[in-house]
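Report on the following structure.
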Amino acid sequence: MKLLIRKYRKQRGMTQRQLAAKIGKSRPTLTLIELGINRISANDLYKIAQVLNVRIDKLFQPNGDQQPAA
């Protein structure tokens, strides 16, 4: 699964520094989360969704190579 945090952050006109401050993380940590290098906790995902005013499920994009569930 790919996270769409960057997409929604940019749509809201927020910088990484601003979003990171609102969720209590450093900008480098948020960068690694956006790039998919660092895993994200459910708690941090919830905080990001709240700050960006989106449902948590909207922050996920399924990979194109996954097979649909049977």
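The values are calculated or read from the model by the stated rules, or taken from the named source; none is laboratory data. Everything quoted here is computed from the prediction, not taken from an experiment. Reconstructed Cβ throughout: ideal geometry from the backbone, glycine too, with neighbour counts over all protein chains shown. Surface accessibility is based on the protein's heavy atoms, side chains included, excluding ligands, DNA and RNA. Shrake-Rupley method; radii C 1.70, N 1.55, O 1.52, S 1.80 Å.
A few points about this structure:
- The residues of the range 17-33 that are closer than 10 Å to ILE48 by Cβ and open to solvent by 30 Å² or more (accessible area, probe 1.4 Å), listed by number, are LYS22, LYS25.
- Qualifying positions in the range 34-56 - exposed (fewer than 12 other Cβ atoms within 10 Å of the Cβ) and in a loop (DSSP other than H, G, I, E, B): LEU35, ILE37, ARG39, SER41, ASN53, ARG55
- Every residue from the range 35-55 that is within 10 Å of the chain's Cα centre (by Cα) and modelled with pLDDT of 95 or more: ASP44, LEU45, TYR46, LYS47, ILE48, ALA49, LEU52
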